[in-house]
Amino acid sequence: MLTIAQITDLHITTDKDPLNQRRNEERLRQVMKTIHGLRPRPVAIIASGDLVDRGEVEEYLELKRLMADSEIQIYYALGNHDLRAPFLEVFSGPGAQTDPNGYVQYAVDFGCMRMVVCDTLEGENHGDYDEARAAWLSATLDEAPERPTAVILHHPPIPSGIRWMDPNPQSPWLLRLAEVLTGRNQVKVLMCGHIHRAFCGLFAGHMVAAAPATSIQLTLDLTEVDMEVPDGREILVEEPPAFALLMSNGPDLTTHVCLAGEYTPAVTYNFPFRKLA
């Protein structure tokens, strides 16, 4: 058995925005401390986009400083708050590889499983997956058709029900992505971020597992919204920082949602052991 931790929507920034700088850094520290204390310790961490808030070199330098003490290898993907050129100016190596077209896309093998990182960045608040990126994904999946695979995308290809954040289900990039993924039996899960809240669903026959944010979460409000008429509704809430954990156990991949922080034990495992239910 091995595990990989997924963190997402870090929104690290600088002292240009002191409130968010302090809050988001502290929440990231809590998450990283919790991950490093897991048993077994994850073999890797995937940071699945919106790494920083404005895509500035200075923000990526701040992120690099915060991650410098990690004892676990970190891999990165990009979200709509990121910018490729500034990111690649600061990060390089196995956790920040690019495909032949310059997109931040790569595959990594861990034991019997594979992680395929995709680049859905296409401008502020938008996701896309053009033909060049889709061709890369198709060829990469062709390389290991029998290896259980987790595909990492910042933007979920399914609706969360939080209307102002959801994609148009008829977007060309979603149809293109579905065409690539349909029938790929080795793909066990699509792991996403972007929505700042955990939810699950199906896309092209595969489970989609969106992870909660290390930064603040989106308020769960599933009512209708007019994007042109602000109505004063709460949109973000200071729920605890959280992350996802991918477990590989032979041919099976399973995901967990985990809260960061220290909590009082409620029951300990002592003899004689009695199940709670």
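With +1 on the Cβ of every Lys and Arg and -1 on the Cβ of every Asp and Glu, and nothing else charged, how large is the dipole of region 15-170 about its Cα centre, in debye rounded to the nearest 20? Display every interim value, and only then the final one.
Working: 16 positive and 26 negative charges, 157 e Å.
Here region 15-170 has a charge dipole of around 760 debye.
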Hey, if you put +1 on the Cβ of every Lys and Arg and -1 on every Asp and Glu Cβ in region 188-234, which of M191, G201, P212 ends up farthest toward the positive end of that dipole?
M191
Express as a percent, rounded to the nearest 5, the fraction of DSSP beta bridges in the chain (both residues included) that run antiparallel.
55 percent
Net charge of Cβ neighbours under 13 Å - reference R184; Lys, Arg +1; Asp, Glu -1
-1
Given L153, T3, G49, which one lies farthest toward the positive end of the charge dipole of the chain, if we put +1 on the Cβ of every Lys and Arg and -1 on the Cβ of every Asp and Glu?
T3
Using alpha-carbon positions, the gyration tensor of region 153-277 gives root eigenvalues a ≥ b ≥ c; with a/c under 1.5 called rounded, otherwise prolate if a/b exceeds b/c, else oblate, the class is oblate
Any idea what the relative contact order of the chain is, in percent, if you count C-alpha pairs under 8 Å spaced at least 6 apart?
20 percent
Dipole of the chain, Cα-centred, from +1 at each Lys and Arg C-beta and -1 at each Asp and Glu C-beta, to the nearest 20 debye?
1360 debye
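Just want to confirm a number: the relative contact order over region 121-233, from Cα pairs under 8 angstrom separated by 6+ residues, in percent. Spell out each step's value before the answer.
Working: 158 pairs, mean separation 29.6, N = 113.
Worked out over region 121-233, it gives 26 percent.
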Where labels lie 7 Å past Cα in the beta-carbon direction, separation of A132 and E262 in nm:
4.9 nm
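Hand me the trypsin sites (Lys or Arg not before Pro) from region 159-247 located in a DSSP loop with no more than 10 other Cβ atoms within 10 Å, in residue order please. It would help to have the intermediate numbers written out before the result.
Working: sites: R163, R176, R184, K188, R197, R233; in loops: R184, R197, R233.
Answer in residue order: R233.
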Taking a straight Cα-to-Cα line shorter than 17 Å from K64, and setting aside same-chain aspartates and glutamates fewer than 8 residues away, one finds D9, D15, E25, E26, D50, D53, E56, D82, E89
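Cut-off is 10 Å between beta-carbons; in what order do I46, I216 appear when sorted fewest neighbours first?
On the way: I46 27, I216 21.
Ranking I46, I216 by Cβ neighbours within 10 Å, fewest first, gives I216, I46.
Apply the a/c threshold of 1.5 to the C-alpha gyration tensor of region 208-247 and tell me whether it is rounded, prolate or oblate.
Numbers: a/c = 3.75, a/b = 2.02, b/c = 1.86.
Prolate shape, in that a/c is at least 1.5 and a/b is the bigger ratio.
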Per-residue ellipticity at 222 nm attributable to helices in the chain (runs of n ≥ 4 DSSP H, -39500 (n - 2.57) apiece, nearest 500 deg cm²/dmol) works out to -6500 deg cm²/dmol
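Read-outs: derived from the displayed coordinates by stated rules, not from any lab. Bear in mind the structure is a predicted one, so any value in this text is a computation, not a measurement. Glycine gets a Cβ as well: all are built from the backbone with ideal geometry, and neighbour counts include every protein chain shown.
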